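Right, one structure below, let's go through it.
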Amino acid sequence: MIGIPAPVRGNDENLPMAQTLHIDFVSDVACPWCAVGLASFERALEKLEGEVEVEIDFQPFELNPQMGPEGQDVTEHLTAKYGSTPEQQAQARAGIAARGAEVGFQFRKEGRGRVWNTFDAHRLLLWAGELGAKQQRDLKMELLKSYHGEGRSPADHAVLLDAADAAGLDRKEAQLVLESGRYANEVREREQQFQRMGISAVPSVIVNGRHLIQGGQPPEVFEQALRKLAGQASAG
């Protein structure tokens, strides 16, 4: 985590033009903290409007790359992976839901239900990224809402196509992407790239390829970090 100074601003008429930062938002659809982190990051951007602009690329990361098509019960999965009890999991789920509500993301009361493979979701996101930053962002949010808000499987092509529809993307073109296996190599290459950079947990927000902000931080932490880095970029 980079050091965060107190924000300093002059009079509005003396503010410089907005500084543009490149953001690699490394995350997985299966990660509840990624949903919190993205919603929180966007709240921070609202506060920085006119001061800091960002170009965001959503980058793939799979928490469970070996997960089979049938998925796994989430309680069984978390117990096997972390040794946590159902009671501990319920407490953690309530805490994440509360954090999500603070930044406008609504989690499904019953929880996710199952853990699924997300490889095809990442393929579809790379396709959306080629269409444009807004298209990729909108699909990312629809996928997070579908899984964490509705408990729908991101491994199910019908669910992925519904998310593409909701994001305003061409359903038939999305179907062609899923059926063809396109972007499979690109997803694996990018995952390996960020692993080589030391990324082992998500969400990881990488600014200008150099600075890391890790975890589902509160909006004010993102805001202050981005303001600091924008100031450094402007001065440099």
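Number of residues in the stretch 196-214 that are over 15 Å from K228 (Cβ atoms) and surrounded by 21 or more Cβ atoms within 10 Å (Cβ to Cβ): the value is 3.
Which one is surrounded by the most Cβ atoms within 10 Å (Cβ to Cβ), of the residues in the stretch 43-62 that are more than 15 Å from A233 (Cα to Cα) and acidic (D, E)? Once the filter is applied, the top-ranked residue is E62.
Of the numbered criteria (1) modelled with pLDDT under 95; (2) in a helix (DSSP H, G or I); (3) of a type outside the set (V, I, T), the one H77 fails is (1). Provide a single number: the residues in the stretch 174-184 that are surrounded by 12 or more Cβ atoms within 10 Å (Cβ to Cβ) and among the charged types (D, E, K, R). Selection size over the stretch 174-184: 1. Does G95 qualify as being touching a Phe, Trp or Tyr at 6+ places or on another chain (Cβ under 8 Å) and more than 30 Å from A133 (Cβ to Cβ)? So G95 fails the test. Taken over the stretch 32-63, the criterion of being part of a loop (DSSP other than H, G, I, E, B) and touching a residue at least 60 places away in the same chain (Cβ under 8 Å) is satisfied by L48, E51, F61, E62, L63.
Of everything listed in (1) modelled with pLDDT of 95 or more; (2) outside any strand (DSSP E or B), the single unmet condition for E70 is (1).
The values are calculated or read from the model by the stated rules, or taken from the named source; none is laboratory data. Computed from a predicted model, the values in this text were never measured in an experiment. Reconstructed Cβ throughout: ideal geometry from the backbone, glycine too, with neighbour counts over all protein chains shown.
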